[in-house]
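Colleague: Here it is: the structure, laid out below.
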Amino acid sequence: MAFESLSDKLQNVFKNLRSKGKLTESDVKTALKEVKMALLEADVSFKVVKQFIKSVQERAVGADVMNGLNPGQMVIKIVNEELVSLMGSEMKEIALKPGNEITVIMMVGLQGAGKTTTTAKLAAKLKSKGRVPLLAACDVYRPAAIQQLQINGEKVGVEVFSMGDKQKPVNIAKAAIEHAKSHNMNVVFLDTAGRLHVDEDMMNELIEIKEAVQVDQTLLVVDAMTGQDAVNVSQMFNDKIGIDGVVLTKLDGDTRGGAALSIKATCGKPILYAGMGEKLSDLEQFYPERMASRILG
Ligand code: GDP
């Protein structure tokens, strides 16, 4: 279950705090040392943990006991607020152009992260809101990828645009947008090729697409189970091609939460959606408040 092991550890720390009537500064310090350990074990970036603990400590030691709350509860409240601010941002969802204007969304990520699945999940979400999406099969290196997109598109009732595997991705992207225009569609998802690792060729191909067509949103799909790798991948993609937001997949199996807690703080771009399972309906909007309460139990 998402965040289970981190949540268990934090709940143990807070059980001790709650049981005390009055807290000394050293009680708070001890508790925060334990919170720090729990976050590091959850694979949260070291820099993020350090800054997080510093903020909580400053607020916890400096603050007066609030009305109606005992000191233990106050520390928990501060931790909760700091967790929310760690994951939160102004941007909450992908931004779509109004009316029938076409929004082009480029989906990027490493192979196996869940890009193709997520593309279909998102398209289904937008379709249910009255949009008319088109999925463009721009991964020409793995014939299975085109086929998988077609199967997923069929499952959610969204058209898939493919030109086989002999055309350049950039040409497929251009043709897909033309197709969408002439068929009154208003969202085009470009399902781009991933690789096992970040490499020059992949990045250059994505840059080429971005230069040739007007991409409105670039969404990076990363696998929560890969922890700090997902964090590094987010930074690399953002540095090289610029991303607008992240979709964190497989959160359903991530008991630790390192990627969820580190990505916004390290690459500066928010997590907008979370994949919560293999079914095409298993996609949630990423609400920092909800995530923080899952973590704190
Ligand atoms: P791609 O190579 O990035 O296009 O990855 P795929 O979309 O093919 O997904 C790889 C595997 O991850 C598939 O078996 C998916 O069913 C699975 N997957 C994708 N998203 C999720 C998720 O949110 N939760 C779980 N449990 N599995 C997922």
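Colleague: Give the residues of region 85-112 that are open to solvent by less than 10 Å² (accessible area, probe 1.4 Å), at negative phi and in contact with a Gly (Cβ under 8 Å, 6 or more places away or on another chain), sorted by residue number.
Modeller: Within region 85-112, just 108 meets the criteria.
Colleague: Something else: Output yes when any residue across region 206-221 is at pLDDT 95 or above, more than 29 Å from residue 3 (Cβ to Cβ), open to solvent by less than 20 Å² (accessible area, probe 1.4 Å) and more than 15 Å from the ligand (Cβ to nearest atom), and no when none is.
Modeller: Yes, there is a match, as at least one residue in region 206-221 is at pLDDT 95 or above, more than 29 Å from residue 3 (Cβ to Cβ), open to solvent by less than 20 Å² (accessible area, probe 1.4 Å) and more than 15 Å from the ligand (Cβ to nearest atom).
Colleague: Among 89, 128, 45, which is more than 16 Å from the ligand (Cβ to nearest atom) and free of Cβ contacts under 8 Å to residues at least 12 places away in the same chain?
Modeller: That would be 128, the only listed residue that is more than 16 Å from the ligand (Cβ to nearest atom) and free of Cβ contacts under 8 Å to residues at least 12 places away in the same chain.
Colleague: Can you name the residue in region 164-205 that is at pLDDT 95 or above and among the β-branched types (Val, Ile, Thr) and, of all such residues, is farthest from the ligand (Cβ to nearest atom)?
Modeller: 177
Colleague: Of the residues that sit in region 243-270 and are open to solvent by 10 Å² or more (accessible area, probe 1.4 Å) and either without any contact (Cβ under 8 Å) to a residue 24 or more places away in the chain or hydrophobic (A, V, I, L, M, F, W, C) (or both), which one is nearest to the ligand (Cβ to nearest atom)?
Modeller: 267
Colleague: Now, a different point. Here is a list of conditions, (1) within 23 Å of the chain's Cα centre (by Cα); (2) within 21 Å of residue 264 (Cβ to Cβ), and residue 1 meets all of them except one; can you say which number that is?
Modeller: Going through the list (1) within 23 Å of the chain's Cα centre (by Cα); (2) within 21 Å of residue 264 (Cβ to Cβ), residue 1 breaks only (2).
Condition check ((1) open to solvent by less than 70 Å² (accessible area, probe 1.4 Å); (2) in contact with a Ser or Thr (Cβ under 9 Å, 6 or more places away or on another chain); (3) assigned to a loop (DSSP other than H, G, I, E, B); (4) under 14 Å from residue 75 (Cβ atoms)) across all residues:
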residue: 2; (1), (2), (3), (4): yes, yes, yes, no
residue: 5; (1), (2), (3), (4): yes, yes, no, no
residue: 22; (1), (2), (3), (4): no, no, yes, yes
residue: 37; (1), (2), (3), (4): no, no, no, no
residue: 44; (1), (2), (3), (4): yes, yes, yes, no
residue: 47; (1), (2), (3), (4): no, yes, no, no
residue: 53; (1), (2), (3), (4): yes, no, no, yes
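The values are calculated or read from the model by the stated rules, or taken from the named source; none is laboratory data. Here the structure is a predicted model, which means the values were calculated and not measured. Positions of Cβ are generated from backbone atoms using ideal geometry, with glycine treated the same way; all protein chains shown enter the neighbour counts. Calculation scope for accessible area: heavy atoms of the full protein, side chains included, ligands and nucleic acids excluded. Shrake-Rupley method; radii C 1.70, N 1.55, O 1.52, S 1.80 Å.
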